[in-house]
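Notes for the one structure printed next.
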Amino acid sequence: GARGISAEEAEQLARNTHVTVRNPRGSGGRVRRLMLIGRTDGGRTLTLVIESTVDPTTWLLVTGWSSTDPERKLMQSSR
């Protein structure tokens, strides 16, 4: 919310075209974090940092922002 991303927009990324990449800042210990880069239904390109949980089908949203130019290029190259 503080960065202007609604819960609905965050949910849309997983349903729409997206790419997941390793988080360049790494993950601490056994915690696995990835960056999910994708588009909302409204066309915004967002980057979310997600973290694995005990349940392999569930991920925790850590933070997110409007994608940077290099992150947008990752999205475009995945097509």
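Observations on the model:
- The helix-based estimate of mean residue ellipticity at 222 nm for the chain, built from -39,500 (n - 2.57) per DSSP H run of four or more residues and divided by its residue count, is -6500 deg cm²/dmol to the nearest 500.
- Taking all protein chains together and rolling a 1.4 Å probe, T40 ends up with roughly 10 Å² accessible.
- Karplus-derived HN-Hα couplings along the stretch 53-60 (A = 6.51, B = -1.76, C = 1.60, θ = phi - 60°), whole Hz, x at Gly and Pro: 10, 4, 7, x, 9, 10, 10, 9
- Given (i) 5.2; (ii) 4.5; (iii) 5.5, the label whose value is mean projected area of the Cα convex hull in nm² derived from this model: (iii)
- Derived scalar couplings between HN and Hα for the stretch 3-19 equal 9, x, 10, 7, 4, 5, 5, 4, 5, 5, 4, 5, 7, 9, 4, 8, 9 Hz in order, rounded to whole Hz, by the Karplus curve 6.51 cos²θ - 1.76 cosθ + 1.60 (θ = phi - 60°), x for Gly and Pro.
- Amide H contacts of V62 (H built 1.01 Å from N, under 5 Å, at least 5 apart or other chain): V49, I50, E51
The values are calculated or read from the model by the stated rules, or taken from the named source; none is laboratory data. Predicted model, so just to flag it, every value in this text is computed and none were measured. Surface accessibility is based on the protein's heavy atoms, side chains included, excluding ligands, DNA and RNA. Shrake-Rupley method; radii C 1.70, N 1.55, O 1.52, S 1.80 Å.
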